Each structure stands twice: as C-alpha cells, then as structure tokens.
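One structure follows; several queries about it will come next.
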Amino acid sequence: MTSTHAPPHLPPRGPRPPSPPAPRRRTGPRAAVRVAVWLLPALVVAYAGFRRRWMSDDAFIYVRTVRQVLAGNGPVFNAGERVESSTGTLWQWLLVAAGAVGADPATAAVYGGLLLTSAGFALAGIGALRTYGGRACVPLGALLPLGLPPVWDFATSGLETGLATCWIAGAWLALTARPGSLATSAVIGLGPLVRPDLGLVSVVFLAAQWLLARPSWRGASAGAAAAGALPVAYEVFRAGYYGHLVPLPAVTKEASRSLWGRGFGYLADFAQPYLLWLPALLVALAVLGPRAAGTGGAGRSGPAGGAGQVAARRIGVLAPVVAGLLCWVFVVRVGGDFMHGRMLLPGLLLMLLPVFVVPVTRSRAAAAVGVAVWALVSAGWLRIPYEGHIGPAGIADERGVYVRHNADPHPVHHTFAGAPHHLEYLRAVRAAARSGEPVLLYGRNGRAAADSPSVTGSYVVLGLNGSAVPLDGAALDPIGLAYPVAAHSERVGGGRVGHDKRLPDAWLAADRGAPGEVPPSADPVGVAAARHALRCGALAELNASAREPLTPARFLRNAAGAWERTSFRFPADPVRAERELCG
C-alpha cells in the first residue's frame, strides 16, 4: 500500500504558500526627505561656523603642547617641566596626529573642529531618526542651536568643543543602536578624555546601557573594562608623569569649589540675550503635548514586545536629558566660564538629542515653524550687549575680542595688529630671543636676568605667550594655567571666573630670576620669603614632581602623592606662605 505522505526529504505536495514580499529599499522622495532631515542641519552649522572661523587664545595653549611633542620634548607646555595644560586630552592627541602628518596644528584645530561639529549634528539627526523608525520626521531641536551665535563661534575656535559635539552625538547613537556592544562601552567611556566634566555623561550613559542591555555579571564586567580601559590607563599615566589627578587648568579654576551666584549669572548671560526661553517652551509643548504619548518608537510592534520597547525607548530618551541637566548643574556650581555660552553648549545639545528630529504631527510641525522663525530672528538680530568686548561680569565675547585685537574678521593665526599692548610684549620676547641671553620678562613690567638658558616670559595671555616664547624657553602665566606655582596659590578674589589667581612677581623672581634679582614690582623681603618658601614642604615637592628627571622612583612617588599634591594650596603672599610652609 502506497503511502499518501511524501518522503521527509521532499516538499509536501500541493500548492506552495506565497512567499513574503522582499523588503523594499526606501527610494525616491521619502528617502530624500529622510536624508535632508539629518543632513541639512549639519550643512547649515558647517556654513555658519565657516563664516565665523577663528582661533581662540586658549587653543594656542594646545598648539604649544603639540609643538613640544613633535619636537621630542614630551606632552608638556615648557621643556623640562611636566605640566598638563591641555584640558581636552583626546583633542590634544588628535592635533598631535595631525601635526605628525604635516598639518599645521592651528589650522587643523580650526577646520577639524568645524568638521567634527558638523559630523556631530549629522549623528544627532541620525540617532533621532533611528529612535522613531520609519516614520516621517521634521527637525525640531536641531533648529534651536542653529539660531545661537555661540554655536557658530565654537564650531571652530580651535578648542575641543567640536570634538565634544561629535562624541556626545556619537555616544548616544551607539547607546540606542547597539547597547550590548563592547564597542559602545568603549565609545561611551571616552567622556573624561574629551573633557573631564564630560565624565558625568559617561556615567549616565553607562547606567542607561546597563538598563537597556541587562547583561550578565560577566558581560557587565567586560563592558566596564571596555569603558574604563583607556581613561584609567591615562589617569595612571597622568598621576605618575604629571603628579596630578586632573589637568592643571582644573586646579587653577578650582573645579571642586562652588560659586553658585556667578554660575546663575553665566546661565542668564547665555539665555537672556537670545530669548532662549521661547524656543525651549515651543519644544516642550510639542514634546509634552496631548498626542506625545506613544508617538515614538521604531516600528509598530504588537502587544508581545510593545512594553519592553517602550521602556527601552524611554531610557534612551531620558539618558541624554539627565546627562545634560547634570552638565548644566556642574557648570553653574563652579561659577560658569569667562567665554560667553561656551560651557553650556554640551548640556544644551544633550537635552535636545531626543527631539533633534521628531515624528510629524500638526502641533510639532507648527512648533518647528515657530522655532525656525525664532532661529532666523536670533541669527539676524539678537546679540549680547557687550558684543566684541568683555562684559561687566567678566564674561567675554571671546571671538569678537580676538577679531578686534587682530583687526581680522577670521583670526586663525593671530597677528595682534589691532592690540598695541600685546604687540609691545611680542616685540620684547622676540628681541630677547634674538639676543641669545637668558632673559626674564615680567609681562610689561620690565625685564631682568633669568636663571635659565633661554627666554622666560610671564604674561597673562598664555596662548600668545606660548606662541612667542621659543620652545626651549619658559612661557609662564601668573594665573597658573601652565605654571604649577601659580596654579596652587590661593584665590585673590575679584577676578574673572577662571582668572581669579594672580601670583605676585616676587615668586617669579625667586623661582626663575638670577640670584639677587628683585623686579621693580616686588620688594626684597617678598623675594627672599618666596625663595625660602619654594624650598619648603609641599611646595618644594610640587616643583620636584614636575622638574626632577622622570625615573621609575619619581613616577611612583608622583603617583602616590597625586591626591595630596592636587589638593595642595598656599597663600599668594610670600611672607604668609613662608610662615606656613617653613614654620
């Protein structure tokens, strides 16, 4: 009897069920619109940044360190003194890589920052589009930064802001796209190397990654190792090489202390001139409106997986908002900054990431139109009242100041053609360098013999000083961005945020001047007291950690004492310092 069933290796008889249709690639107008949603904001910010391209003085601090590395002197600001003057570690080494292949570090800093800013806007748009799946979207949050002049200014500037923009957007995209990947952990962990304060973002994103992936203990350990490998390795290097736990500017600016009043003033200085509350309100109404619930999401899932996808979506949306708020709280707590708006830009971007683009509804389209109108008004007419100058609170329109000082609308390489007071100092440094004599320059207060083989110059504008003083000389600043003695002195009060330390010339004469040298701006008693204090206790150890040859024993001693050394402070008055340090 023949069986009515087909053999197992043959397909069953009868008509085959229809095959599911192959997924169609998005082509035509819809695909073009999706590309435009993330590409156009990136192109607009690139155009606006290029139109306002410039180089800040602080960026030339990076450039001198890069030149020292390329000259074989190591990652230092002055040869023979191990000081970390670069706040953005990763940015410094990217510029070193650019210089190693023949690029001019200043030019690479300006145009590299512009490229990274544009890439960050593109990644932010792609991340938001991915969050909302195949739905039709419209830019919303992306329009807000496009209307802010500080965003255009710091798209270049030579500082690490462009790298921060790209890293923030890229880390969020990686978090939402592949939360379980070790590569995602490694990218998220880079925050402290982009800027120390962006370690807050790394912590929040790593917590969100754990909630999204829910790995096993083994997986969590592997993720933590991937995230921390490079930052921890560099921190060990920093402690042993420099003898500090943070870059020296963080010591100078006293990032561990609170100046809430100044910080709220800095926030108001950023928000009020551009009526920032208006676009923020429009974005909030569009996102929190009655139709907001349930509109996000990648695709339309059934009941089986819907709750989990909604929870994951909420984590991915909340993580950058929480991180951005924490960044703003930190900036306000430390008193803000002296550059208008600059330190608030990363937090603003973080809070806007989930709404960079949003699914189209009638209310959201109306909100996007409203924000676009505000952006045009802000871009065309809204400006800070002290444009091109330093405001009464000590906050500067930094780009405007350097446009004026250089008499150049695009001051990438500074000439200071419009700043006679800076030109006077530059001429003095160049004359001293040509003489070949060991010279100590006290800014514009005079000159004396130096206890060094080359030019030693102290000037409050450190980037300018680092550009002028030869690499075998010492470019110092009384504020302490690259001079450990000044950085560890106590605040004198009354200065701008980050510029409220001012080391008296007596210390410079005692530390760098020829024996018996007393500058006109100091007195012999102060110089003698400073010279004695420099040989006592923690201050002597501070100088030894930076200036003694880096033997294995010195490296271990630096690392072991990094905590105490980082927190050490002494009075700026030489007589008081001698009394406290030497007894």
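Where residues in the stretch 255-275 are touching a residue at least 40 places away in the same chain (Cβ under 8 Å) and open to solvent by less than 40 Å² (accessible area, probe 1.4 Å), which of them is farthest from S185 (Cα to Cα)?
Filtering the stretch 255-275 for residues that are touching a residue at least 40 places away in the same chain (Cβ under 8 Å) and open to solvent by less than 40 Å² (accessible area, probe 1.4 Å), the one farthest from S185 (Cα to Cα) comes out as P273.
Now, a different point. Can you pull out the residues in the stretch 64-82 that are surrounded by fewer than 24 Cβ atoms within 10 Å (Cβ to Cβ) and among the hydrophobic types (A, V, I, L, M, F, W, C)?
V69, L70, A71, V76, A79, listed by residue number.
When H499 is evaluated against the numbered criteria (1) within 32 Å of the chain's Cα centre (by Cα); (2) assigned to a strand (DSSP E or B), which criterion, by number, is the only one it fails?
For H499, the failing item is (2).
Among the residues of the stretch 392-410, which ones are open to solvent by 10 Å² or more (accessible area, probe 1.4 Å), more than 23 Å from the chain's Cα centre (by Cα) and not acidic (D, E)?
Listed by number, the residues that qualify are P392, R404, H405, A407, P409.
Also: Please pick out the residue among V187, V138 that is more than 20 Å from the chain's Cα centre (by Cα) and either surrounded by fewer than 24 Cβ atoms within 10 Å (Cβ to Cβ) or under 26 Å from A229 (Cα atoms) (or both).
V138
Would you tally the residues in the stretch 383-407 being outside any helix (DSSP H, G or I) and either more than 24 Å from D337 (Cβ to Cβ) or touching a helix residue (DSSP H, G or I) at 6+ places or on another chain (Cβ under 8 Å) (or both)?
Count: 10.
Which of the residues that make up the stretch 453-465 are open to solvent by less than 20 Å² (accessible area, probe 1.4 Å) and at pLDDT below 90?
Matches in the stretch 453-465: S454 only.
Still on this model: When you scan the stretch 522-553, how many residues do you find that are open to solvent by 70 Å² or more (accessible area, probe 1.4 Å) and closer than 12 Å to A448 by Cβ?
Of the residues in that region, 0 qualify.
Can H413 be described as closer than 30 Å to V246 by Cα, open to solvent by 60 Å² or more (accessible area, probe 1.4 Å), in contact (Cβ under 8 Å) with a residue 60 or more places away in the chain and of a type outside the set (V, I, T)?
yes
A450 is checked against (1) surrounded by fewer than 22 Cβ atoms within 10 Å (Cβ to Cβ); (2) aliphatic (A, V, I, L, M); (3) touching a strand residue (DSSP E or B) at 6+ places or on another chain (Cβ under 6 Å); (4) modelled with pLDDT under 95 and fails just one. What number does that condition carry?
(1)
Quick test of your reading of the structure: G513 fulfils all but one of (1) modelled with pLDDT under 95; (2) crowded, with 22+ Cβ neighbours inside 10 Å; (3) closer than 21 Å to V246 by Cβ. Name the failing condition by number.
So the condition that G513 fails would be (3).
Let me ask you something else. Hey, among G228, G162, G180, which residue is touching a helix residue (DSSP H, G or I) at 6+ places or on another chain (Cβ under 6 Å) and open to solvent by less than 30 Å² (accessible area, probe 1.4 Å)?
Selected residue: G162, the only one of G228, G162, G180 that is touching a helix residue (DSSP H, G or I) at 6+ places or on another chain (Cβ under 6 Å) and open to solvent by less than 30 Å² (accessible area, probe 1.4 Å).
Between residues in the stretch 107-122 that are under 18 Å from L146 (Cα atoms) and residues that are of a type in the set (F, W, Y), which pairs lie under 6 Å by C-beta distance while being six or more apart or on different chains?
Partner pairs satisfying both residue conditions: A122/W38.
Just to verify a result, which residue in the stretch 428-441, among those that are open to solvent by less than 10 Å² (accessible area, probe 1.4 Å) and outside any helix (DSSP H, G or I), is farthest from L476 (Cα to Cα)?
V439
Mind checking which helices (runs of 4 or more DSSP H) fall wholly inside the stretch 156-254 and carry at least 2 residues that are touching a residue at least 60 places away in the same chain (Cβ under 8 Å) and under 30 Å from P552 (Cα atoms)?
Helices (runs of 4 or more DSSP H) meeting the threshold: 191-194, 217-241, 248-252.
The values are calculated or read from the model by the stated rules, or taken from the named source; none is laboratory data. Everything numeric in this text was worked out from a predicted model, so none of it was measured. Don't worry about glycine lacking a Cβ; one is built from the backbone with ideal geometry, like all the others, and counts go over all protein chains shown. Please note that ligands, DNA and RNA were not included when accessible areas were found on the heavy atoms of the full protein model with its side chains. Shrake-Rupley method; radii C 1.70, N 1.55, O 1.52, S 1.80 Å.
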